[in-house]
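S.K.: Quick one: the structure is below, and I'll ask about it shortly.
The values are calculated or read from the model by the stated rules, or taken from the named source; none is laboratory data. Just so it is clear, the structure is predicted and the values come from calculations on it, not from any experiment. Please note: Cβ atoms are built from the backbone with ideal geometry, for glycine as well, and neighbour counts cover all protein chains shown. In case anyone asks, the SASA skips ligands and DNA or RNA and just uses the protein heavy atoms, side chains included. Shrake-Rupley method; radii C 1.70, N 1.55, O 1.52, S 1.80 Å.
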Amino acid sequence: MENPLRRTPLVLVLAGAGYGQQAPLLWWTDAIARQAGCEVVAPRWVVDDVAEADPVRFVQQALTTALAGRRPDLVVAKSFGCAALPWAIDASVPGVWLTPVLTHEAVRAALAAADDAHTALGGSADPVWRPELVRGTRARLQTVDRADHRLEVPGDWKASQRLQAEALAVVEHAVRAVTRETDGRLGSAPTGCRR
């Protein structure tokens, strides 16, 4: 018999500017969340000059529409979608932030203020992954060796696939944590990406 008090966790999945919901990291994030019994909200957007000029405002407006007053249990965002970091910090929504643009002041400041309910991953070959700019954050920062902004190793599909699987293990761990909060299941810790 299903527990009538069990609430279905809500996972918000946010795309990048040129990295849509069909791209590997977000496609598999959606699958991980749905297979864990979560509802997924994955807004689609077109990043134009207005969005580029103020990504935080653009993303927050898109979230207001997509969430329709609901509060997600977890956000997983890629690059441009990481402009949701200030909102997530203010709303106390944990997140997995894939290649956040740490050269953007608002994103950097939000990640610097984040607690350990947040994990940010970036590639060592990604020019916008600048973890030294958020020293003192309590968020878990993980640098993916040799990876670029897509969390891929140029010219090495096998290494890219392995590194993305490791990044997705971090996503799976976060999804398990929110499902554990709603139904008591236990998850295991992720492996792979180095801290």
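S.K.: Can you work out the accessible area per residue across the chain, with the rest of the protein chains kept in place, probe 1.4 Å, in square angstrom?
M.R.: 50
S.K.: Another question, then. Can you compute the charge dipole magnitude of the chain about its Cα centre, using +1 on each Lys and Arg Cβ and -1 on each Asp and Glu Cβ, nothing else charged? Give it in debye, rounded to the nearest 20.
M.R.: 460
S.K.: Still on this structure: As a check on your grasp of the helix formula, calculate [θ] at 222 nm for the chain: sum -39500 (n - 2.57) over DSSP H runs of n ≥ 4, divide by the residue count, round to the nearest 500.
M.R.: Counting only the DSSP helices, I get -11500 deg cm²/dmol.
S.K.: Can you work out ³J(HN,Hα) from phi for every residue in region 78-92, in order, using Karplus 6.51 cos²θ - 1.76 cosθ + 1.60 and θ = phi - 60°, giving whole Hz and x for Gly and Pro?
M.R.: 10, 6, 4, x, 5, 5, 7, 4, x, 4, 4, 5, 4, 8, 6
S.K.: Right, another one. With the dipole of region 40-110 worked out from charges on the C-beta (+1 for Lys and Arg, -1 for Asp and Glu) around the Cα centre, which of Val56, Pro94, Pro43 lies farthest toward the positive end?
M.R.: Pro94
S.K.: Continuing with this model, one more query. Under the rule of at least 5 residues apart or a separate chain, name every residue whose amide H is placed under 5 Å from the amide H of Leu14.
M.R.: Those qualifying (amide H under 5 Å, at least 5 residues apart or on another chain) are Val76, Ala77, Lys78.
S.K.: Ignoring any ligand, DNA or RNA, what whole percent of the accessible area of the chain comes from carbon and sulfur when the probe is 1.4 angstrom?
M.R.: It is 51 percent, rounded to a whole number.
S.K.: Whole Å is fine, so just give me how far the alpha carbon centre of region 44-109 lies from that of region 130-163.
M.R.: Cα centres, region 44-109 to region 130-163: 19 Å.
S.K.: Can you say what percent of the DSSP beta bridges in the chain, counting only those with both residues inside, are antiparallel? Round to 5.
M.R.: Among the beta bridges of the chain, antiparallel pairing accounts for roughly 5 percent.
S.K.: Describe numerically, in nm with one decimal, the distance between label points set 7 Å from Cα along Cα→Cβ at Ser124 and at Asp49.
M.R.: Computed distance between label sites Ser124 and Asp49 equals 4.0 nm.
S.K.: Of the peptides 62-72, 94-104, 9-19, how do they stack up when ordered by the mean number of other Cβ atoms within 10 Å, highest first?
M.R.: Highest mean packing first, the order is 94-104, 9-19, 62-72.
S.K.: With the chain treated as a Gaussian network of Cα nodes joined by springs under 10 Å, which of Glu172, Glu181, Glu152 yields the largest mean-square fluctuation?
M.R.: Result for the chain, Cα springs under 10 Å: Glu181 fluctuates most.
S.K.: Right, another one. Which whole-Hz couplings ³J(HN,Hα) result when phi for each residue of region 165-171 is put into the Karplus expression 6.51 cos²θ - 1.76 cosθ + 1.60, θ = phi - 60°, listed in order with x for Gly and Pro?
M.R.: Values per residue, Gly and Pro as x: 4, 5, 5, 5, 5, 5, 4 Hz.
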